[in-house]
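After the structure tokens below, expect a handful of questions from me.
What follows draws every value from the coordinates through simple rules; no lab data is involved. Treat the numbers as computed from the prediction; the structure is a model and nothing was measured. Here Cβ is always computed from backbone atoms with ideal geometry, including for glycine, and neighbour counts include all displayed protein chains.
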Amino acid sequence: MSADTSATGESAAEDVDLAALRTRVDELEDQLAEVDVDAGDDQRTMTIIATKGSLDMAYPPLILASTAAAFGWDVVVFHTFWGLDVLHEEKSENLKLSAVGNPSMPMPNALAALPGMDALATRMMRKKIDDNGTASIQELIDVSLESGVDLQACQMTMELMDYDDDDMIDGVTTQVGAATALEHMADADVQLMI
Amino acid sequence: MSTEHDVTTTLDVKGQSCPMPVVKTRQQVDDLAPGDVLEVLATDSGSVSDIAGWANSTDDVELLGQEEGADVYTHYVRKVE
């Protein structure tokens, strides 16, 4: 193999490579421009999946949602299973605290399982909530809706629990499923399951 | 009360706890014009950190100051833009 032939061959190959490289650079620049546009959108979003319907567990999703809305975030809270009760017009006002299986309760499980103990624990909790100036679940739902939080009720669980759209608090989004929640979660900065 | 800030409106959230001081402050700021100063009166000790954190990551507000009184925390927030 002579030195001349080799040099010519390499030069031709370099020309081809260079053309391919230029095309690739153009492609990457286009992609970068798109990424910059996305990054320029500083609208933060949060999706919370709320699955619990006890008085204590109804709080965290609503507190985070209303606060995030105050930060200007786009917030969706997708309520499923017992979480639906939080959005149920009647049940929402009568959420209960379970005395059983809660290690933070100042009573042994054997005692907590006695009839009336859940009601007692719930009454005590409600009194503490009042005394502390902690917002009620209704207040948190109201401010959340006022500030643009999308409170969604899972359609499948609504049917499972025999709830109608009319049973739910006004302003709640119904007729939505897992795909709707996932679509929002995929783009969300914060995703929580509570 | 401080006189160093030219207060436009006062929001009283005394007796309310997290997240209400921040949530109500946000709602009140929505009703203000740029340049207006909101005075927030709170008894929630967490409101000092919460309102500062909220103001820090919210574009259209600026925290002018916070004062810790005997029973009341006073926050001054200006609407910008």
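In region B:45-70, what residues are out of contact with any Asp or Glu (no Cβ under 8 Å at 6 or more places or on another chain), within 13 Å of chain A (Cβ to nearest Cβ) and part of a loop (DSSP other than H, G, I, E, B)?
B:45, B:46, B:57, B:58
Could we say that residue A:75 is farther than 18 Å from residue A:160 by Cα and not small (Gly, Ala, Ser) here? Show your work before the answer.
On the way: farther than 18 Å from residue A:160 by Cα: yes; not small (Gly, Ala, Ser): yes.
For residue A:75, the condition - farther than 18 Å from residue A:160 by Cα and not small (Gly, Ala, Ser) - is met.
Taking region B:19-56 on its own, how many of its residues are surrounded by fewer than 18 Cβ atoms within 10 Å (Cβ to Cβ) and closer than 21 Å to residue A:137 by Cβ?
2
Please return the ranges of helices (runs of 4 or more DSSP H) entirely within region A:83-194 where 1 or more residues are under 18 Å from residue A:55 (Cβ atoms) and touching a residue at least 40 places away in the same chain (Cβ under 8 Å).
Working: elements: A:109-112, A:117-132, A:137-146, A:155-160, A:178-186.
Counting at least 1 such residues, we get A:117-132, A:137-146.
Further, regarding this structure: Scan region A:139-163 residue by residue and report those that are within 14 Å of chain B (Cβ to nearest Cβ) and of a type in the set (Asp, Glu). I'd like the intermediate steps shown before the answer.
In the first step, residues of region A:139-163 are kept if they are within 14 Å of chain B (Cβ to nearest Cβ); the result is A:139-149.
Once the filter is applied, which keeps residues that are within 14 Å of chain B (Cβ to nearest Cβ) and of a type in the set (Asp, Glu), region A:139-163 yields A:139, A:142, A:146.
Would you confirm whether or not region A:109-125 contains a residue that is within 15 Å of the chain's Cα centre (by Cα) and over 29 Å from residue B:26 (Cβ atoms)?
No, region A:109-125 has no match at all.
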